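Engineer: Quick one: structure below, then a few questions.
Read-outs throughout are calculated quantities, based only on the coordinates presented, and are distinct from any laboratory measurement. Remember, predicted model here, so these are calculated numbers, not experimental data. Here the Cβ positions follow ideal geometry from the backbone for every residue, glycine too, while neighbour counts run over all protein chains shown.
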Amino acid sequence: MTLLPLDGMRGLVEPDPVPADAGRPCALPGSPLAGELPGINACVHCGFCLQACPTYLALEDENDSPRGRIFLMRSLLEGTVAPDDASMQTHIGRCLGCRACETACPSGVPYGHLLEATIATLSQSRRIPFIARLILAVFANRILLSIAMFGSRLVAATPLPTLLSRIGGRSGFAMAMLASAGSPLERDPYSTPVGGERGKAALLEGCVMEGLFTDTNRATERVLRVNGYATIPAKGQRCCGALHAHAGDLEKARMLARGNIEAFERSGADVIAVNSAGCGAMMKDYEHLLKDDPNWRERAAAVAGRVRDVSELLAAAGPVPGAALPLRVSYDAPCHLLHGQRVSLPPLAVLAAIPQLELVPLRDSDQCCGSAGIFNLIEPETSDLVLSAKLANIAETGAQFIATGNPGCLMQIGAGLLRSRSRTRAIHPVDLLDASYAMAKQ
Ligand code: SF4
Ligand code: SF4
C-alpha cells in the first residue's frame, strides 16, 4: 500500500487494492478496531459520503472526510500508521461523529461503530484531554453529577451567563450555552389524562435534560399522557453512556448501559421514551455495545428494541392537535436523530399538530451544528466553523424559533444565536407542542 502524506493531502485517497485482512497480520490484534474490520472492508472508496461530511466541507481536506478517516483506520490495522501518530489523532479527533456519512453511504459502512472503536483504540496510547476526562468522570458519578447540575442551575438562574456570554473564547461560549439552557417559552402546567391506552412509557431523564431542561422533561411527560401513554418512573437509571462511548471509554459506557438495562427492565415499561437524540441513538445501540457480553447481549437487545424518540411516540398517536400558536418556526434535525436513528418525519408531525404554526424550511437542516457531545469544548475551531454555516442558514429563515430535539444542539445553536445577537431562540419541539396544549386548557 502506498501511504499518502497525512497532512496537506487534499486530493482523493489512493484506494488500497488489497483488503486489510487479505493475509496480512493485524498490527493491533484484540483492539476494539480489529473487531470492526468487516465494516472497514465494506468501504469501496466511492466518495458519495464526502459532500455529506461537515468537516470535509469546512476544512476541504480529504483526511477530514469519512473516506480519508476510514483509510487512516485501515492504516492503523495494517501498522503503516502508529496509534500515537499526531496526524492520526488530529484527523480522527476532528470527526464530529455526526454519522451523516452513514446516511449517504450506499455500501452500508457502519461509520459510527468504526469511529467509536478507533477512538477506543487510540485512547489506549494517549490520554483523553483533561477537560474531557473531568466531564466524563462527573457524568458517570451520580453524586458529582447532581452537584454539577445543581450548581449549573443556580448560575443559569442569574443574569451572569448572559453577561459573560459576550466575552471571547471558550469560556464565553460555555456561558452562552448555559444561558441557552432551558425552554424559552413560559407556560403553566395543565392537568392531563392518566393515559394508558397506548401503553406504559418510562422517560429516560437524561443527565443534561433533567439537569438543565427540567421543564422540557415535565412537558414531555405531559404531552405523552395527552397522547394516550401512561408515564411511569424508571428508578435507578443512569447516564446513557454516549459521551463515554464517543470519547473511547467503552468500559464505562458498558457499565452505565447495564445500569440502565436493569432500571428499565424493573420499570415494566412497554416503551422507553427519549427526548434527547444523542441518548436515544446510544440506547438503541446497546446491543452492539454489549455484543461480546453473553450475559447481557440479549437483555440489551430487548431494552434497545423498546427505545423510541418522543417524536416517534407522538407521531404514532396522531399527535392530538393543540391550540393555535401563530409562530414562525424552523426545524433543524439533530444528527443522532436523523442519521443515528433514521428518524426524519416524526418531529415534523409534532410541529404540524400545532395550528397556525408556520414551518419554514432551513437550508442544510440535515447538517451538523458542531455540538457533537463535548466536541465543541475540545475541538473549538472546527466546531465554530460548522456552527457559523448553521447560523447563516438560520438567519435566512427569519424564524422566531429553531426547533431541535437534542440538548447539545439546543445549547450549541442557542449559544451561537445569543453571541451573534440574533432574536431567534432554540427550542425543543415538545416544548412547542406543550405550549399549544397549555393554551388549549386556558
Ligand atoms: S460512501 Fe461509503 S463506501 Fe463510499 S467512500 Fe464513503 S464510506 Fe466508503
Ligand atoms: S461522522 Fe460526520 S464529521 Fe465524521 S466523517 Fe462522518 S460525516 Fe464527517
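Engineer: Arrange the following residues from fewest to most other Cβ atoms within 10 Å of their Cβ: Leu325, Leu351.
Structural biologist: Working: Leu325 20, Leu351 23.
Arranged by neighbour count, lowest to highest, Leu325, Leu351 become Leu325, Leu351.
Engineer: Sticking with this one: Pop the C-beta distance of Leu144 and Ala352 into the FRET formula with R0 = 51 Å and round what comes out to the nearest 0.05.
Structural biologist: The formula returns an efficiency of 0.80 here.
Engineer: Please list log₁₀ I(q)/I(0) at q = 0.08, 0.13 Å⁻¹ for the chain, using the Debye equation with identical point scatterers on the alpha-carbon positions.
Structural biologist: -0.44, -1.18
Engineer: Which of Thr118, Thr382, Thr158 moves the most in a Gaussian network model of the chain with Cα springs under 10 Å?
Structural biologist: Of Thr118, Thr382, Thr158, the Gaussian network model singles out Thr158 as fluctuating most.
Engineer: Percent of Cα-Cα pairs per 10 Å bin, from 0 to the last occupied bin, for the stretch 319-441, please list those.
Structural biologist: 14, 46, 31, 8, 1
Engineer: If each residue's Cβ is checked for other Cβ atoms within 10 Å, how do Val155, Val81, Val386, Val194 rank with the fewest at the top?
Structural biologist: Val194, Val155, Val81, Val386
Engineer: Quick one: if the Förster radius is 56 Å, what FRET efficiency do Tyr190 and Ile131 give, using the C-beta to C-beta distance and rounding to 0.05? Provide the component values of the computation, followed by the final result.
Structural biologist: Numbers: r = 41 Å, r/R0 = 0.73.
My answer for the efficiency is 0.85.
Engineer: Tell me which trypsin sites (Lys or Arg not before Pro) from the stretch 178-264 have a DSSP coil assignment and no more than 11 other beta carbons within 10 Å of their own.
Structural biologist: Filter output for the stretch 178-264: Lys235.
Engineer: Same structure again: Fewest to most neighbouring Cβ within 10 Å: what's the order for His288, His336?
Structural biologist: Exposure proxy ranking, most exposed first: His288, His336.
Engineer: Mind checking the stretch 402-442 for trypsin sites (Lys or Arg not before Pro) that DSSP puts in a loop (not H, G, I, E or B) and that have at most 15 other Cβ atoms within 10 Å?
Structural biologist: Sites meeting the loop and neighbour criteria: Arg421, Arg423.
Engineer: Another question, if that's okay. By how many nm would the segment from His45 to Asp364 lengthen if fully extended, with 0.36 nm per residue of separation less the alpha-carbon distance?
Structural biologist: That pair, His45 and Asp364, stretches by 112.4 nm at full extension.
Engineer: Given the -39500 (n - 2.57) contribution per DSSP H run of 4+ residues, what per-residue ellipticity at 222 nm results for the chain, rounded to the nearest 500 deg cm²/dmol?
Structural biologist: For the chain, the value works out to -14000 deg cm²/dmol.
Engineer: Something else about it: For a quick check of your reading of the filter: which chymotrypsin sites (Phe, Trp or Tyr not before Pro) in the stretch 36-111 sit in a DSSP loop and have no more than 15 other Cβ atoms within 10 Å?
Structural biologist: Answer by residue number: Phe48.
Engineer: So for the pair Thr158, Ser171, with labels modelled 7 Å out along Cα→Cβ, what separation do we get in nm?
Structural biologist: With each label placed 7 Å out from Cα toward Cβ, I get 1.5 nm.
Engineer: Calculate the all-directions average of the projected area of the stretch 34-122's alpha-carbon convex hull, and give it in nm². Write down the numbers at each step before the final one.
Structural biologist: Numbers: hull surface 19.6 nm².
With the hull built on Cα positions only, its mean projection is 4.9 nm².
Engineer: Next up: From a point 7 Å beyond the Cα of Lys200 in the direction of its Cβ, which residues of the stretch 231-248 have a backbone N at a distance under 20 Å?
Structural biologist: 231-238
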